[in-house]
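Asker: Please find one structure pasted underneath; my questions will follow.
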Amino acid sequence: MLDAGAVKEVVHELIEVLKLERLELNLFRGQSRDIGTRVVFGGQVLGQALEAANCTVDGRVAHSLHAYFLRAGDIEAPIVYEVDRQRDGGSFSVRRVVAIQHGQPIFNMAASFQEPQEGVNHQISMPEVPKPDDVEATPPIDAERLAQVPEKLRRWLTRQGPFEFRHVYPRDDLKPAKRPPFQHIWFRLRDRLPDDPQLHQAALAYASDFHLIGTATLPHGISYMQPNVMMASLDHAMWFLRPCRVDEWLLYSCDSPSAQGGRGLARGSIYRADGTLVASTAQEGVLRINTDPPAGG
């Protein structure tokens, strides 16, 4: 468990990651962070791109984004975000964002913003699951089992990040069993954020990339920890439906309707603890199993 000082440090680091340096009117630069993954974490690029778009819009709130991951990001290099102000209409604004590293686009995103309005209102009900206080936190992996995974992955598994996750139906990713393609995960930021709705949106986009595409692995008894499994995000769509705070408990309810052709599709709904639906997500990713034995046997 992290002590109070360490919690504040990892949350402050997230806030700093989501802050961008303005280079020009529509040009921004964000720093990359090594969180134990081989390449830049997709949620980081997603959150930074949304923040870049937010910086070019006044009085309107992001309600949707649609993004594609084009190339793996280099964790040792900053990322430049170029924003194209495609349209400012009577009620909606549209922005296109391209993330660039080493002179090449690694990611692009279209985001739409709307002036706050009243209208018809309905939502699907939150699944009936135990409350977060009734769900145990994921225990740390013991040293003997941790020694079985590569060092890079070991750092990812032992790092305590800014978000706390509690799985309603936990599974052993080192020895995954086959099960139906859905999961429910409670999550929240470990410390309070300032009362900045744009910052909470960017942090929610960051967190939405955790666990989503992994839902497509559940029926097959595989996981990203296995050396013969290749997983990579191809795209990410998100709809911001109602306000929320990421430093309060949220339920991520995910399902995977299909996997085929070396790809898996996953969908997610994010609820406040009171049952209010605040966001929806969808993501497709590469999902391949290498059946060839490694070189040298």
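The values are calculated or read from the model by the stated rules, or taken from the named source; none is laboratory data. Because the structure is predicted, anything quoted here is derived from the model rather than measured. Cβ: placed from backbone, ideal geometry, glycine included. Neighbour counts: every protein chain shown.
Asker: Would you be able to tell me the number of residues in segment 1-59 that are part of a loop (DSSP other than H, G, I, E, B) and of a type in the set (D, E, K, R)?
Answerer: Final tally of qualifying residues: 6.
Asker: On to the next question. For Q283, which of the numbered conditions (1) more than 19 Å from I35 (Cβ to Cβ); (2) surrounded by 15 or more Cβ atoms within 10 Å (Cβ to Cβ); (3) in contact (Cβ under 8 Å) with a residue 60 or more places away in the chain; (4) touching a Ser or Thr at 6+ places or on another chain (Cβ under 9 Å) fails to hold?
Answerer: All conditions are met except number (1).
Asker: Here's a follow-up. Return the only residue of I75, I106 being touching a residue at least 40 places away in the same chain (Cβ under 8 Å), part of a loop (DSSP other than H, G, I, E, B) and not polar (S, T, N, Q).
Answerer: Answer to the selection: I75.
Asker: Let me ask you something else. Between a residue in segment 24-37 that is surrounded by fewer than 17 Cβ atoms within 10 Å (Cβ to Cβ) and any residue that is of a type in the set (G, A, S), which pairs come within a Cβ distance under 7 Å, given they are 6 or more apart or on different chains?
Answerer: Pairs found: none.
Asker: Then there's this: Identify, please: which residue in segment 140-197 is among the small types (G, A, S) and modelled with pLDDT of 85 or more and is, among those, farthest from the chain's Cα centre (by Cα)?
Answerer: Initially, segment 140-197 is screened for residues among the small types (G, A, S), giving 143, 147, 161, 177.
Filter again for modelled with pLDDT of 85 or more, leaving 161, 177.
Numbers: G161: 13, A177: 24 Å.
Per the criteria, the residue is A177.
Asker: Further, regarding this structure: Condition test on M126, is it among the hydrophobic types (A, V, I, L, M, F, W, C), modelled with pLDDT of 95 or more and in a loop (DSSP other than H, G, I, E, B)?
Answerer: Considered against the rule, which asks whether it is among the hydrophobic types (A, V, I, L, M, F, W, C), modelled with pLDDT of 95 or more and in a loop (DSSP other than H, G, I, E, B), M126 comes out as yes.
Asker: Looking at segment 100-116, which of the residues that are more than 16 Å from D88 (Cβ to Cβ) and among the polar types (S, T, N, Q) is surrounded by the most Cβ atoms within 10 Å (Cβ to Cβ)?
Answerer: Among residues in segment 100-116 that are more than 16 Å from D88 (Cβ to Cβ) and among the polar types (S, T, N, Q), the one surrounded by the most Cβ atoms within 10 Å (Cβ to Cβ) is Q101.
Asker: Now, a different point. Within segment 113-121, does at least one residue satisfy the condition of being in a strand (DSSP E or B) and out of contact with any Pro (no Cβ under 9 Å at 6 or more places or on another chain)?
Answerer: Within segment 113-121, one or more residues are in a strand (DSSP E or B) and out of contact with any Pro (no Cβ under 9 Å at 6 or more places or on another chain).
Asker: Can you tell me which residue among D196, D173 is charged (D, E, K, R) and within 23 Å of A52 (Cα to Cα)?
Answerer: Going through D196, D173 in turn, just one is charged (D, E, K, R) and within 23 Å of A52 (Cα to Cα): D196.
Asker: On to the next question. Return yes when G262 is touching a strand residue (DSSP E or B) at 6+ places or on another chain (Cβ under 7 Å) and more than 24 Å from G161 (Cβ to Cβ) and no when it is not.
Answerer: yes
Asker: Let me ask something else about it. Taking Y169 as meeting all but one of (1) of a type in the set (F, W, Y); (2) surrounded by 15 or more Cβ atoms within 10 Å (Cβ to Cβ); (3) free of Cβ contacts under 8 Å to residues at least 60 places away in the same chain, write down the number of the exception.
Answerer: Single failed check for Y169: (2).
Asker: Let me ask you something else. Being touching a residue at least 60 places away in the same chain (Cβ under 8 Å) and within 25 Å of G5 (Cα to Cα) is the filter here, so list the residues in segment 112-152 that pass it.
Answerer: Passing the criteria: only P132.
Asker: For segment 151-192, enumerate the residues that are of a type outside the set (A, V, I, L, M, F, W, C) and outside any loop (DSSP other than H, G, I, E, B).
Answerer: Initial filter on segment 151-192 (of a type outside the set (A, V, I, L, M, F, W, C)): 151-152, 154-155, 158-162, 164, 166-167, 169-173, 175-176, 178-181, 183-184, 188, 190-192.
E151, K152, R154, R155, T158, E164, R166, H167, Q183, H184, R188 - these are the residues of segment 151-192 that are of a type outside the set (A, V, I, L, M, F, W, C) and outside any loop (DSSP other than H, G, I, E, B).
Asker: Return only the number of the condition from (1) over 15 Å from the mean Cα position of the chain (by Cα); (2) not in a helix (DSSP H, G or I) that S64 does not satisfy.
Answerer: So the condition that S64 fails would be (1).
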